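Step one of this worksheet: look at the structure below.
The values are calculated or read from the model by the stated rules, or taken from the named source; none is laboratory data. Small disclaimer: the values here were computed from a predicted structure and weren't measured. A quick note on method: Cβ atoms are made from the backbone with ideal geometry, for glycine too, and the neighbour counts reach across all protein chains shown. Each accessible area value is taken on the protein alone, full model and side chains, heavy atoms only, with ligands, DNA and RNA left out. Shrake-Rupley method; radii C 1.70, N 1.55, O 1.52, S 1.80 Å.
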Amino acid sequence: MRRQRPTLIAVSTLIAITLTTAAPTPANAAPPDQVTALTAHQADGYTTLAWQPVDGATDYQIERTPVDADNTPTGTPTIVGIWRPNRQINQHAPTFADAGYNPGDTFQWRVRARTGTTEQPYSDPVTATTTAPWGNPTTPGEQLRTGWETTHAAQYTSDTDEYAYTAAIDALSDRVRVVELGPTVQNRPINMLVIGHPTPAATPEAVAATAPVAINCNVHGNEPGDREACLIMARQLAFSTDPRITDLLSHTTVLIVPTINGDGRANNTRGNSTGQDLNRDYSLIRQPETTAYITMVRDYRPVAGYDGHEFGNSRAGDLPMLPPRHQNVAQPIFDQSQDMIEGHMYAKGAEAGWWACPYGCEGGGNVGLSEETILRNTLGLKNVTNSLLELRSSGGQTRPDEGNTANNRRRKTYSALWTFHQFLDYHRADRADILKARSEAIESQAANTGRLVFRGSRPIPAHPAPHPGDSPPPLDAPPADLILDNPPCAYKLTDAQYNGARTDGPGGVGTTVAQRIAAHGWKVITIGDDHYIPLNQPERGLIPLLLDGKGVEKLTDGERVYPTLTGRRNGPLTVTGFTCADDATINGPVTVRAGAALVTTATTISGPLTATGAAGILLADSTINGPVRIATTDTISIIDATIAGPVDLSGNTTGTDAPVLAGTTIRGPLTCAGNNPTPHNLGIANTVHGPRTTQCAAL
């Protein structure tokens, strides 16, 4: 359920490792318009300052002064923050997350209101020692530090230091396994940390069963703040004894990819070594880096994700965020992603003192649109609840002390660390809703109903309410020529289109359409020299964007194949060739001959369904009133079906493409034997009114 945005937020920090609160008790009454009740709460890399609001204040200035153990100033008082009422939803309980200092140092803070340009008296000061970098320096594992930490943010962690650091975590923690997803163009490893408690599941399929979450930390090589946060968080997750951490890891698996663009990071460039912006390639997967990530999504099936970036706009919020906006994204995934942002991140951000807002807030321009090539949209089209994170790259007017490079880097990194921890907390608290949204999205996509939009985004409201920001992301409405109201059943590709050589990869050499479709994980039915990609699949909204002539950034111009069987048909049906049934009623048994294929949506079959040696059987949103037996068939998918009889899947060899049986009600026994690979359910349980045996026992 979508949460109501709160208008009054209590001050707390969920990820604080230590907590220091100092509130003065003045001997005399405060002067008029003086800030009172100032407190300072310490967390990882930032301090949440909170105070009582002053009537009529235009904004507040936050002053920080370094002090020694005797509270004697050791440096110049500096205005480090400006809090404005229209930046957060906690108008009656202002908070500011002060970051940018060296963690572990001691400071004094004061806050004063301004009325217009008139400065009011400062509050009484509070003094506290900030939280040191996480991990006991004498405890193995905890003592590890990144190159960024050891240089006090003077340098970012190098690629070789990253590999050594993550290898050490792997060696010292049973909770962590580092796997290589693939190489970059220049042959740097793309590593992923697989983290679970007490140990991570052993295989991608087993990890998928834990409803994992994924964080992509550095796609643009010159935007490394999120990457440093990911490396710090990996250490915390690997070694912390905090019950919150062990509880999180006992209920899911965390997948962290610190650096998908290792070549760009090494060269401090936005794109990879070919100049490709990888965040415009997640659907097309022309580059090895994006292919590695999308293949990971196929195999590990994360249910929620975050994608880390930096935003070159000095006027924006601390933490601009954005859900998948493409109109082909299933409504439950869009709603759940918005709930994560508006219902959780905005509210918790206000508690901690961060200014969260939609990507593009405050003069962001033409950003955050509907390109399916962008990871947040690609993931949404793959039924993953997710958000973009854009760390404001400079301090701006609200953080005037960040002309100091190290301070700016600290604020970015520790605000990202806060966000990623909150992401894990959201998944822990809302896991059931996330899985429900995913199940509903997969079933609605497989039903292949509704129009297809080739470019176009949902609107995003300004934030925060009730004081909207200046610039919500622009509405990217689809033009009429990029809407298809009558979706096909499938796309047919010739063998030349499917297996032909491509020149759109590094060095003019690209993987084939067949290889890219396999990386996406789509079912393909091959009959003779023709290859059919049905739309009654979980990623129905993405398939046409790559295979239809209307596609803005497509792979090829596939031929639309429309249903060949609709309405009522009485008597037995023998399927030869490729048959697509939509909104059909078949009164009689159905036999699919060897080498033939049957694809159905919204169809009822009154009689047994039998297929032996078929090229493919894909059933979605359909009812079979009789037994189903599928044997030695090449491609199998049964999603959201109702079968009034026993189901037998036997001897099906489908290569690397496992048969799918998901969200289906079977009023009889379910038997699966001799299938290679073993069928799976996409994480959507089936309802079986009878015994389940052998390979399907857990489905």
Exercise for the section: Between ASP504 and ALA480, with labels modelled 7 Å along Cα→Cβ, what's the label distance in nm to one decimal, could you check? Expected result: 2.9
Practice task
Please work out whether segment 85-157 counts as rounded, prolate or oblate from its C-alpha gyration tensor, where a ≥ b ≥ c are the square roots of the eigenvalues and a/c under 1.5 means rounded, while otherwise a/b larger than b/c means prolate and anything else oblate?
Solution key: prolate
Practice task
With r as the distance between the Cβ atoms of ASP529 and ASP425 and R0 = 35 Å, compute the FRET efficiency 1/(1 + (r/R0)^6) and round to 0.05.
Solution key: 0.10
Practice task
Please tell me the relative contact order of segment 355-406 in percent, rounded to the nearest whole number, where contacts are Cα pairs under 8 Å and at least six residues apart.
Solution key: 17
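Restricting to the chain, compute how many DSSP beta bridges are antiparallel as a %, nearest 5.
Of those bridges, close to 45 percent are antiparallel.
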Handout entry: Sequence ranges 657-664, 490-497, ranked by mean other-Cβ count within 10 angstrom, highest first
Key = 657-664, 490-497
Practice task
Report HIS689's accessible area, 1.4 Å probe, all protein chains in place, as a number in Å² to the nearest 10.
Solution key: 110
Practice task
Could you point to the residue in GLY104, THR601, THR419 farthest towards the positive end of the chain's charge dipole, with +1 and -1 charges on the Cβ of Lys/Arg and Asp/Glu respectively?
Solution key: THR601
Completion exercise
Taking Cα pairs closer than 8 Å and at least 6 residues apart, the relative contact order of segment 315-438 in percent is 36
Handout entry: 15 Å reach of a label modelled at ARG568, 7 Å along Cα-to-Cβ, counting backbone N of segment 591-628
Key = 604-606
Completion exercise
Once ASP277 and THR129 are pulled to full extension, the length gained, defined as 0.36 nm per residue separation minus their Cα-Cα distance, is 49.1 nm
Practice task
Take the Cα atoms of segment 462-611, find their three principal axes, and give me the spread along each one in whole Å, biggest first.
Solution key: 64, 49, 25
Exercise for the section: Would you mind telling me the share, in percent, of accessible area of segment 449-589 contributed by carbon and sulfur at probe 1.4 angstrom? Expected result: 51
Handout entry: Portion, in percent, of the accessible area of segment 147-262 that falls on carbon or sulfur, probe 1.4 Å
Key = 54
Practice task
Go ahead and estimate [θ] at 222 nm for the chain from helices alone: -39,500 (n - 2.57) per DSSP H run with n ≥ 4, summed, over the residue count, rounded to 500.
Solution key: -6500 deg cm²/dmol
Problem - Where N is the number of residues in segment 87-220, Cα Rg divided by 2.2 N^0.38 Å - result: 1.51
Problem - Cα convex hull volume per residue for segment 73-118 (Å³) - result: 114
Practice task
May I have the convex hull volume per residue, in Å³, for the Cα set of segment 147-260?
Solution key: 105
Practice task
For the chain, evaluate the Debye formula with one uniform point scatterer on each Cα (no solvent term) and list log10 I(q)/I(0) at q = 0.05 Å⁻¹, rounded to two decimals.
Solution key: -0.27
Practice task
Could you please state how large a percent of the accessible area of segment 22-129 is carbon and sulfur, counting protein chains only and using a 1.4 Å probe?
Solution key: 48
Completion exercise
the chain accessible area per residue, 1.4 Å probe, protein heavy atoms, integer Å², reads 34
Handout entry: Computed FRET value (nearest 0.05) for ALA167 with ALA462, which takes r as the C-beta separation and R₀ as 30 Å
Key = 0.10
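Relative to 2.2 N^0.38 Å, what does the C-alpha radius of gyration of segment 178-243 come to as a ratio? Two decimals please.
Here the answer is 1.25, to two decimals.
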Handout entry: Packing rank of 267-278, 405-416, where each peptide gets the mean count of other beta carbons within 10 Å, highest leading
Key = 405-416, 267-278
Problem - Signed unit charges on C-beta, dipole axis of segment 528-659, positive-most listed residue ALA641, LEU545, PRO627 - result: PRO627
Exercise for the section: Sort 598-611, 377-390 for me by packing, meaning the mean count of neighbouring Cβ atoms within 10 Å per residue, highest on top. Expected result: 377-390, 598-611
Practice task
Can you give me the three principal axis dimensions of segment 340-457 from its C-alpha atoms, in Å, biggest first?
Solution key: 54, 33, 19
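Stretched out fully, how many nm does the piece from GLN331 to ASP657 gain, at 0.36 nm a residue minus the Cα gap?
Values: separation 326, 0.36 × 326 = 117.36 nm, distance 2.72 nm.
Between GLN331 and ASP657, full extension yields 114.6 nm more.
Between THR405 and ASP55, what length comes free when the chain is fully extended (0.36 nm per residue of separation minus the Cα-Cα distance, one decimal in nm)?
Working it through step by step, the gained length comes to 122.5 nm.
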Exercise for the section: Note down the relative contact order for the chain as a percent, whole number, built from C-alpha pairs under 8 angstrom at least six residues apart. Expected result: 10
Handout entry: Of all DSSP beta bridges in segment 611-699, antiparallel share, percent nearest 5
Key = 0
Problem - the chain, dipole about Cα centre (Lys/Arg Cβ +1, Asp/Glu Cβ -1), debye to the nearest 20 - result: 1140
Practice task
Pairs of lysines 8 or more apart, or on different chains, with alpha carbons under 28 Å: count those in the chain, would you?
Solution key: 14
Practice task
Using a Förster distance of 45 angstrom, determine the FRET efficiency expected from the C-beta separation of ASN102 and ASN187, and round it to 0.05.
Solution key: 0.75
